[in-house]
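First comes the structure, then the notes that go with it.
What follows draws every value from the coordinates through simple rules; no lab data is involved. The model shown is predicted, which means the values in this text are computed figures rather than measured ones. We place every Cβ from the backbone using ideal geometry, glycine too, and count neighbours over all the protein chains shown.
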Amino acid sequence: MNITNESNTSLTVSAPSIMEFKSIIKDITTNSNVLALKERSQHSNNSRFYHCLCVSYYTYLVCKKLNLDYISATRGAMLHDFYFYDWRDKKVEGQKRFHAFRHPRIALNNANDLFELNDVEKDIILKHMWPLTFSLPSYRESYIVTLVDKYCATHEVLKSLRKKFKNL
Ligand SMILES: [Fe+2]
Ligand SMILES: [Fe+2]
């Protein structure tokens, strides 16, 4: 698709592709700390890495379609759950209760330690639990990630429930 910006320069927006998606997050998905998320479970049997990858991919498709900053959105989405504790651990007091409110800040601190983040990426990570956490996302890309995250999480939970009830 060809679009024209205000200075009349013709810009070419390529169609979404797996190759482009992979190249946008290559430095993230090859980082050993991020790869360690493969050992952490998120919803049911899915790894946290897989969950982040799914959220990142759908975010890429939607943001590219809507002509938004799909690069920042895709990268922010890949890092939105970059934390390592088990939120179901009953031995830790308040772990489950406060998880929704505390893990975005932990993920942002972890991501900040390893990657150069822009304001859109930071906002995506910090606000992805909205509306549960009250502060409003500052960018359209952040709203997209809040929706895609919930879509992927619901899909992952339903998939595991279907598996559980299969033998009834
Ligand atoms: Fe999260
Ligand atoms: Fe998530």
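Summing Lys and Arg as +1 and Asp and Glu as -1 over all other residues whose Cβ lies under 12 Å from the Cβ of Val157 gives a net charge of +4. Remark: the Arg40-Ser17 segment gains 5.5 nm on full extension, using 0.36 nm per residue and subtracting the alpha carbon distance.
Taking a sphere under 14 Å around the Cβ of Glu141 and counting the other residues whose Cβ falls inside, with K and R at +1 and D and E at -1, yields a net charge of +1.
In terms of packing, defined here as the mean over residues of other Cβ atoms within 10 angstrom, the peptides 25-36, 111-122 line up highest first as 111-122, 25-36. Cβ under 12 Å from Glu121's Cβ, Glu121 left aside: what net charge do those residues give with Lys, Arg +1 and Asp, Glu -1? Cβ neighbours under 12 Å give a net charge of -2. Evaluated over the range 23-165, the count of Lys pairs having alpha-carbon atoms less than 18 Å apart is 5 (only pairs 8 or more residues apart or interchain). Between Asp119 and Lys150, the simple label model (points 7 Å from Cα in the Cβ direction) yields a spacing of 2.6 nm.
What aspartates and glutamates could a cross-link reach from Lys166, if we take a straight Cα to Cα line under 19 Å and drop same-chain neighbours fewer than 8 places away? Once the sequence-local aspartates and glutamates are set aside, what remains near Lys166 is Glu156. With the gyration tensor restricted to C-alpha atoms of the chain, the semi-axes of the equivalent ellipsoid amount to 30, 19, 15 Å, longest first.
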